[in-house]
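This report refers to the structure that appears directly beneath it.
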Amino acid sequence: MLDTSLEQLRHQFITLPEREVLALVQKNITDCAAKISLGELRQQELEKLLSVAEANSATLQKKRERLEQQMKTVIATREAEALQHEILTVNGELNTVDEESLAFMEESEYIDSTLASARNDLGQFRTAEIVATEALKLAEEYKKAEARDVEEKRQRLAESLDEKWSAAYELRRSQHKGIAVAKVKNHVCGGCHLDLSPSEVDLLKKETDENRECPNCARWLVF
């Protein structure tokens, strides 16, 4: 049963709840950092887009000013109409550029807000990581201490056993994933979970310790 306890402790060590908590916190950190990185990249793109939009707007405004100056000097109706049409076209392009610039600025403001929140979350997650890491460390130390106690008991027991029994026991352990002995409960082998019939149980109880083994997994059985 001591080996069973050791196997259970090893499984508990691997599946500590604190380990899962830490993994979740670290995932949150990774996700949050990725979100910040994407936000910062988009901000850089928006800065470039705004710069281009501002340059386009300045160019269009100068073009409109030039056309308006020309309007003051023309006399022919057809030429005036052509200039007026061109001015309207430039105004339409300016409106488009201004709308794009406004959309870029609004998106930039939203991203700024999102980044501020994400950076705050990241700071909290990093603090939680420190706490979760320490909690896992303590839980691991506790499980290791439990395992050491069981190993010491096992060592004392092994030293008191006959060498023949010890050798046979270790052989079975190697054949059955570290568990050589299984307890029978409600006619079920605790090793392979095979249902034993009442007649099988009666026969097994009559066997000597070294011959009392599960007909399915060959582990020694105790009742």
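The values are calculated or read from the model by the stated rules, or taken from the named source; none is laboratory data. These figures come from a predicted structure and were not determined experimentally. No Cβ is skipped: glycine too gets one built from the backbone with ideal geometry, and neighbour counts run over all protein chains shown.
Does GLU109 meet the test of being within 26 Å of LYS35 (Cβ to Cβ) and either in contact with a Leu (Cβ under 6 Å, 6 or more places away or on another chain) or not aliphatic (A, V, I, L, M) (or both)?
yes
Of everything in the stretch 107-116 that's surrounded by fewer than 13 Cβ atoms within 10 Å (Cβ to Cβ) and not aliphatic (A, V, I, L, M), which residue is nearest to LYS63 (Cα to Cα)?
The selected residue is GLU109.
Going by the structure shown, is PHE104 over 30 Å from LEU136 (Cα atoms), surrounded by 13 or more Cβ atoms within 10 Å (Cβ to Cβ) and of a type outside the set (Lys, Arg)?
Yes: the conditions hold for PHE104.
Consider the stretch 202-217. How many of its residues are surrounded by 14 or more Cβ atoms within 10 Å (Cβ to Cβ) and either among the aliphatic types (A, V, I, L, M) or modelled with pLDDT under 80 (or both)?
1
Does SER108 satisfy the criteria of being in the same structural domain as GLU45 (by TED's automatic domain parsing), more than 30 Å from LYS27 (Cα to Cα) and within 53 Å of the chain's Cα centre (by Cα)? Talk me through it step by step, then tell me what you get.
Working: in the same structural domain as GLU45 (by TED's automatic domain parsing): yes; more than 30 Å from LYS27 (Cα to Cα): no; within 53 Å of the chain's Cα centre (by Cα): yes.
No.
Run down VAL150, VAL201, VAL188, VAL184 and say which single residue is more than 30 Å from GLN44 (Cα to Cα) and assigned by TED's automatic domain parsing to the domain that holds LEU49.
VAL150 is the lone residue from the list that is more than 30 Å from GLN44 (Cα to Cα) and assigned by TED's automatic domain parsing to the domain that holds LEU49.
Go through the residues of the stretch 137-151 one by one and say whether even a single one is touching an Asp or Glu at 6+ places or on another chain (Cβ under 7 Å), touching a residue at least 60 places away in the same chain (Cβ under 8 Å) and assigned to a helix (DSSP H, G or I).
yes
Go through ARG119, ARG173 for me and flag whichever is among the basic types (Lys, Arg), in a helix (DSSP H, G or I), outside the structural domain of THR59 (by TED's automatic domain parsing) and at negative phi.
Residue meeting the stated conditions: ARG173.
Within the stretch 18-45, how many residues are basic (Lys, Arg), free of Cβ contacts under 8 Å to residues at least 24 places away in the same chain and either surrounded by 12 or more Cβ atoms within 10 Å (Cβ to Cβ) or touching a strand residue (DSSP E or B) at 6+ places or on another chain (Cβ under 7 Å) (or both)?
Looking only at the stretch 18-45, we keep the residues that are basic (Lys, Arg), and these are 19, 27, 35, 42.
If we keep only those that are free of Cβ contacts under 8 Å to residues at least 24 places away in the same chain too, we end up with 27.
If we keep only those that are either surrounded by 12 or more Cβ atoms within 10 Å (Cβ to Cβ) or touching a strand residue (DSSP E or B) at 6+ places or on another chain (Cβ under 7 Å) (or both) too, we end up with none.
Total satisfying the criteria: 0.
Being polar (S, T, N, Q) and in contact (Cβ under 8 Å) with a residue 24 or more places away in the chain is the filter; apply it to the stretch 85-101 and report the residue that is surrounded by the most Cβ atoms within 10 Å (Cβ to Cβ).
The extreme case among them is SER101.
Got a sec? Which of GLU152, GLU170 is surrounded by fewer than 15 Cβ atoms within 10 Å (Cβ to Cβ), among the charged types (D, E, K, R), modelled with pLDDT of 85 or more and within 14 Å of LEU2 (Cβ to Cβ)?
GLU152
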